[in-house]
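Asks: Quick one: the structure is below, and I'll ask about it shortly.
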Amino acid sequence: MTVPPTPAPTDPPAPAAQMTAAADVAARVVGLRKTYGRGEAVVRALDDVTLELRSGEFTAVMGPSGSGKSTLMHMCAALDRPDEGEVWIGDTEIGRLGDKALTLLRREEIGFVFQSFNLVPTLTAEENVLLPLSIAGRRPDPEWFDAVVDTVGLRERLGHKPNELSGGQVQRVAVARALVSRPRIVFADEPTGNLDSRSGAEVLRLLRGAVDDHGQTVVMVTHDPVAAAYCDRVVFLADGRVVDELRAPDRDAVLEIMTRMTDAGEASA
Amino acid sequence: MIRAALRSLLARKLRLVMSTFAIVLGVAFVVGTLIFSDTLNRSFTALFASTVGDVVVRPVGGTTEAGGPSSATLPAALVDELAALPGAARADGNVTAIGVYVVDSDGKAVGGYGPPALGLNDNDAPAAGGEGLALVAGESPVGPDELALDQVTAESAGYQIGDTVPVLLPRGDPDRIEATLTGLVGFPEGGSLNGATLVVLDTPTAQDLFLDGEEAFNDIWVTARDGVSQEELAAEASGLLPDGVEAVTGDAAADESADELLDAISFLTTFLLIFAGISLVVGSFLIVNTFSMLVAQRSRELALLRALGASRVQVVASVQAEAAVLGVVGSTIGLGLGVLLAVALRALFAQVGLDLSGQSLVFTPRVVVAAYAVGILVTAVAALAPALRTVRIAPVQALRDDVALPEASLARRFRGGLALFVLGCLSLVAGLTDLLDDVVDAGGWFTGAGVLLVLLGTTAMSPVLAQPFLGATRRAYAAVFGSVGNLAGQNSLRNPRRTTATASALMIGLTLACTMAIVGDSAKASTDRAIEQNFVGDYVVSNPFGGELNPALADQVAAVDGVASVARERFALAQEDGDARALAATDRAGLALFDPVFVEGAPDDLVDGTVVLKEDFAADRDLGVGDELTVTVPAGEQTWTVAGVIEDNPVIFTPVLTTIGTLEAGGFPAADYVLFVTAEDEAGATARDGLDDLVADLPVVSVKDQQEFAADQRAQIDQFVLIIYALLGLALLIAVLGIVNTLALSVIERTREIGLLRAVGLTRGQLRRMITLESVVIAVLGALLGVVLGLGFGVSLMYAVRDQGLEVISVPFGQVAVFLLLAVVVGVLAAFWPARRAARLDVLEAIATE
Ligand SMILES: Nc1ncnc2c1ncn2[C@@H]1O[C@H](COP(=O)(O)OP(=O)(O)O)[C@@H](O)[C@H]1O
Ligand SMILES: [Mg+2]
């Protein structure tokens, strides 16, 4: 497999414009609410969020700190349950699923990349990549595995343990792990948050490539307008609500909305 | 926020509780063992002190084999003469008989093999130690129809004051009486009879029953006036004593009996001491292990402190302060738990006949000192190493996600362990063989130190030794259990030091269990072989309590239908140049049955007044047929003519064999020890039925054929092995708790990782399986190491004592397999709680954990 030509980070790509309106929905949330704490200290982390995530689309979720981005990710990735509303992964509504079914759903349908501590320290890079498959007792498709490994450029590092890898390499392994089981949808919560811009760009290119070449659905939380510019769509959250949305974003458009939101936040404060 | 803070505090609290728990266990173990051995010693001391007066006047000479009083007596008139001595406050005559059994309400004799069943006359003579037996309830017995019992016996036999109590008498007419229980005796100031039973009668009744009505005593206690020493009084008394009677000070007499008894229990106290030492080591491992983990987990926090400007000394001091607090708290709780443990030990020993219930627990200051020394010192040392490791690395490094603390090199540790191991082996060789006996007389210490060094050496080497095992297990796990197995295997390899330190507690427990299994099995095999070789005749009639038989029994047995012949055997101790010599005596039938090979002389030459000697014994003294052997026996000095010299014979244990008449003339009581019965050809069943009928109403006489006799002997060994197993059970319990502790802490330590695994699809069941597998590796590793060491110890121990009647070395492989299987069970059980805890972790919270 060849790595597709990807744009330089300073020059965000033209988004895949050929998205069809008829594309089916990979995941969908309806009327999602989640509150933490009670009484005086009550926090509405999510307040009536409704959102569709289409297959083969690369979506960014942006918003100020504490706006509920991570909470939304966790709900969608079946790591937590909403207080109210529905979460659909494909044709499955997770609200009524027990722990076992949720776990299997995560294993089969969802890939996840965290900001940090993505890998099991006792396992090699290769074992980490294959973890979701081997837990499920499934054999990897060797061609696909090779393809993924080559895409993330880790062939030489497969036998290494996480503490022998750099931060960027760790995140690439994590991406490979999220992709290798061909999940319906991959969630990434600030995957480049801890990386320098070069390593960050590599990871973003990876995700972009997965979407372009394999029709993978990816949702990513980010603070960085440059990162958002890699995406097909940006959803803006503030105070647990979807406040804006942008298709085919470029850096400046994103920055503009972010500034507006910050001003609005300050005005309302 | 508040909830999060509370949770983090709670998590930390749990860690604190668990490391304190390790200290509590370690300390409790040491305290329990110490209190129990103190209690055991105290109860024996009380017993000795209560068995002597200021001055004891007694016949010179031998005692019976069972340690009973000499059959020579002192005239009653001597009591008044002694009481009239200027230095004497009073004098009291004592009648003592052994083999006086209380029959309980179910018709069974009370007591067991070992502790004597005593009959005494009632007197209130003050014992030298001032802690004598005294009436604690009811009234003293008066007349032939009343008796008193010791409290413990009365309770276990189910009698209360006013009940009628049947009592079996050792010999003569009658052989059984019934009397009303009027009072209970005991040690008002604490003390225990250790399982002996007491029947107290008034003096005329005791003389009537035990001394054939003679107005006499077995010994006399003379009490000194104030200001008169034991030595002065003994000297005064010696002046008016007839030949064959001596006066000894109470201290000397107590030492004699103490020596005898302490000899008998020395094995037990030594074992308990070794056990306390080992418990100390196991406890320390537990504490060191837990504390290393605790500090390692805090290394980031400590690094942050360093980054904020705290000096190394400050950081180490803060860890030490925490260790000290935990040490004090843990030791205090451990002290309390240790007392409970001692109570449990006492109950355990009561099960096998060592009844200390009359003795309250002895709580000496040294126990408290030991508890705090162990708890605080070990914790301080345990906390020091990881704290030093933490401050040695740069603060920035520790702030990273995956902190790897520098560890002393495993290779160096391995070399140190190897050195200890080799030293231990050398020490074992020195202890178990007689190579160094000419240089130093400390075989026991060499052996003990050797065992300890080998254990410590193996523990130090085990992280390296265990690598191949852990690697192979990982591969096997991965093959059988897939990814979950691989994860579990990797986890056990992640920190081989921790894995092996946790396993070492189990290793030590199983080493001892395995050693003891081999000792017990070899002892049984040796006994079987000995019985096979020296069981003569068809049936053996004996007293299962180890006492004597009524001499009339032999004639009754001979009269049973189908019995062809009956041979009697008796044992006694005589003094030869101040040393005790064991004698055996038998009759014509016995001599024919034992069939010794005569080197000199002939069987018919053995008549009253002569002896037959074993070859070695005769050669040592350069004696041959016609020469004379001079010994002191209850009747005084006797000279016996040598009638023959025989080859070593498995049936004849003693170096000297004589006739029954010779023993009786020597003043030994007329009582048989064993009757060997030969049945007429083809009349075995008839003879057996007749014998069973005969002994049916004799609770202290049993009839056994060879199989039964062997089973009986084996049962005694089993009982002994059982005590040791029970003690080891405690050690294993501690080991299990150690595994639980380590696993639980490592679950806390790996919270984030567990969250991650759950996030990528590990089910709760898989997580539990992973932790269980991890636990099983630890347990099996410990068990394997323990079994290997135990085999080594057991076989070399048995090899070392092969000359002492234990020639067969037998390894109970079945039992060893059971131990290994048990280790798997232990592993599964130990994982239960930590695995449950891990499975219940909330995925998101786990991932978010710092
Ligand atoms: N476990 C929790 N307990 C209490 N409050 C929480 C918890 N998780 C998130 N919150 C609160 O919910 C809000 C949204 O959090 P989050 O989704 O992490 O925001 P973002 O990822 O956008 O920074 C924040 O105010 C946060 O404090
Ligand atoms: Mg977030």
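The values are calculated or read from the model by the stated rules, or taken from the named source; none is laboratory data. Bear in mind that the values here come from a model prediction, so they are computed numbers and not experimental data. Every residue, glycine among them, receives a Cβ derived from its backbone with ideal geometry; neighbour counts consider all protein chains shown. Heavy atoms of the whole protein, side chains included, go into the accessibility calculation; ligands, DNA and RNA do not. Shrake-Rupley method; radii C 1.70, N 1.55, O 1.52, S 1.80 Å.
Asks: Considering only DSSP beta bridges with both partners in chain A, what is the antiparallel share in %, to the nearest 5?
Replies: Working: 22 of 39 bridges.
Within chain A, antiparallel bridges account for around 55 percent of the total.
Asks: Put A:His74, A:His160, A:His223 in order of accessible area, largest first, 1.4 Å probe: what do you get? Don't skip to the end; give the middle numbers.
Replies: Working: A:His74 35, A:His160 60, A:His223 90 Å².
Output order, biggest surface exposure first: A:His223, A:His160, A:His74.
Asks: Which value, in Å² rounded to 10, gives the accessible area of B:Val607 with a 1.4 Å probe and all protein chains present?
Replies: About 70 Å², ignoring ligands and nucleic acids.
Asks: Taking Rh as the Kirkwood radius computed over C-alpha pairs, what is the Stokes-Einstein D of the stretch B:539-704 at 4 °C in a medium of viscosity 1.567 mPa s, expressed in µm² per second?
Replies: On the way: Rh = 16.6 Å.
It comes out at roughly 78 µm²/s.
Asks: Still on this structure: Say each of B:Ala321 and A:Ala248 gets a label point 7 Å from the Cα, pointing the same way as Cα to Cβ; how far apart are those two points in nm?
Replies: Label-label distance for B:Ala321 and A:Ala248, simple model: 6.6 nm.
Asks: Which FRET efficiency value, to the nearest 0.05, do you get for B:Asp604 and B:Trp445 by plugging their Cβ-Cβ distance into 1/(1 + (r/R0)^6) with R0 = 56 Å? Intermediate results must be reported in sequence, preceding the final value.
Replies: On the way: r = 52 Å, r/R0 = 0.93.
Computed FRET efficiency for B:Asp604 and B:Trp445 comes out at 0.60.
Asks: Could you rank B:Ile177, B:Ile518 by how accessible they are, 1.4 Å probe, largest area first? Intermediate results must be reported in sequence, preceding the final value.
Replies: On the way: B:Ile177 25, B:Ile518 0 Å².
I get B:Ile177, B:Ile518, largest accessible area first.
Asks: Within 10 Å of each Cβ in peptide A:117-127, how many partner chain Cβ atoms are there on average? Round it to a whole number, please.
Replies: On the way: counts 9, 3, 3, 9, 10, 13, 4, 1, 0, 0, 5.
Whole-number average of other-chain Cβ neighbours for A:117-127 is 5.
Asks: Mind checking which lysines have their Cα closer than 25 Å to the Cα of A:Lys69? Skip sequence neighbours fewer than 8 apart in that chain.
Replies: Partners within reach: A:Lys34.
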